[in-house]
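The next block holds one structure in the form of structure tokens; read it before the comments.
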Amino acid sequence: MKKLESIEQFNEMKNNGKHIFMFSADWCPDCRVIEPILPDVESKYPDYQFIYVDRDEFIDICADLSVFGIPSFVAFENGTETGRFVSKDRKTQEEIEQFIDGLKAS
């Protein structure tokens with residue numbers, strides 16, 4: 001998973017193509033739990049580019065998007081938000097994949 005490096009990069013990705021931004025933090029235990037499953041999730045959805053967003057480094061983006069709990073996922077396609085799976089709760093691989101499947105149906 002590619003790591004977000006700047007706000008400019010976020011805006012470029014958000015506005016061009018299909019991206020799923022995963023908001024996380026190194027200190028978050030629920031985020032660490034899902035790390036091992038993420039490569040499998042990414043491989044199942046090659047239409048999307050997955051981007052890791054460090055919540056502490058990009059707190060302004062989190063505030064702008066109302067992402068107050070982690071781990072959370074927000075999907076964009078060509079500048080339009082297509083869905084979000086935002087909460088402070090631990091997420092399973094099945095829940096993440098159901099979220100992404102719901103994006104395809106939109």
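Could you work out the Rg to Rh ratio of the chain, with Rh taken as the Kirkwood radius (inverse of the mean 1/r over all Cα pairs)? Mind showing how you got there, number by number?
Numbers: Rg = 12.5 Å, Rh = 13.6 Å.
Computed over Cα atoms, the ratio is 0.92.
Going by a ≥ b ≥ c, the root eigenvalues of the Cα gyration tensor, does segment 63-106 fall in the rounded group (a/c under 1.5), the prolate group (a/b larger than b/c) or the oblate group?
Working: a/c = 3.22, a/b = 1.06, b/c = 3.03.
Oblate, because a/c is 1.5 or more while a/b does not exceed b/c.
Positive end of the dipole of segment 1-67, charges at C-beta (+1 Lys, Arg; -1 Asp, Glu), about the Cα centre: which of PHE23, SER6, PRO39 has its Cα farthest in that direction?
The residue sitting most towards the positive pole is PRO39.
Report the gain in length on full extension from ASN15 to GLN98: 0.36 nm times residue separation, minus Cα-Cα distance, nm rounded to one decimal.
27.5 nm
Which order do the peptides 63-74, 26-37, 80-91 come out in when sorted by mean C-beta neighbours inside 10 angstrom, highest first?
For the peptides 63-74, 26-37, 80-91, the packing ranking is 63-74, 80-91, 26-37.
Explain nothing, just the number: relative contact order of segment 2-105, from Cα pairs under 8 Å at least 6 residues apart, as a whole percent.
Rounded, it is 34 percent for segment 2-105.
Cross-link partners among lysines for LYS91, C-alpha distance below 22 Å, same-chain residues fewer than 8 apart left out?
Leaving aside lysines fewer than 8 places away in the same chain, those within reach of LYS91 are LYS2, LYS3, LYS18, LYS44, LYS104.
Obtain the nm distance between the two label points defined at SER6 and ASP89 by a simple spin-label model: each point lies 7 Å from its Cα along the Cα-to-C-beta direction.
Taking the simple label geometry, SER6 and ASP89 are separated by 3.8 nm.
With each pseudo-label sitting 7 Å past Cα toward Cβ, what's the ASP60-ASP40 distance in nm, one decimal?
Once both label points are built, they end up 3.8 nm from each other.
Between segment 22-48 and segment 67-106, what is the C-alpha centre distance in whole Å?
Segment 22-48 and segment 67-106 have Cα centres separated by 11 Å.
Quick note: the coordinates plus some simple rules give every number you see, no bench work behind them. This one's a predicted model, so the numbers in the text were calculated from it and none came from an experiment. In this analysis, Cβ positions are derived from the backbone assuming ideal geometry, glycine residues included, and neighbour counts consider all displayed protein chains.
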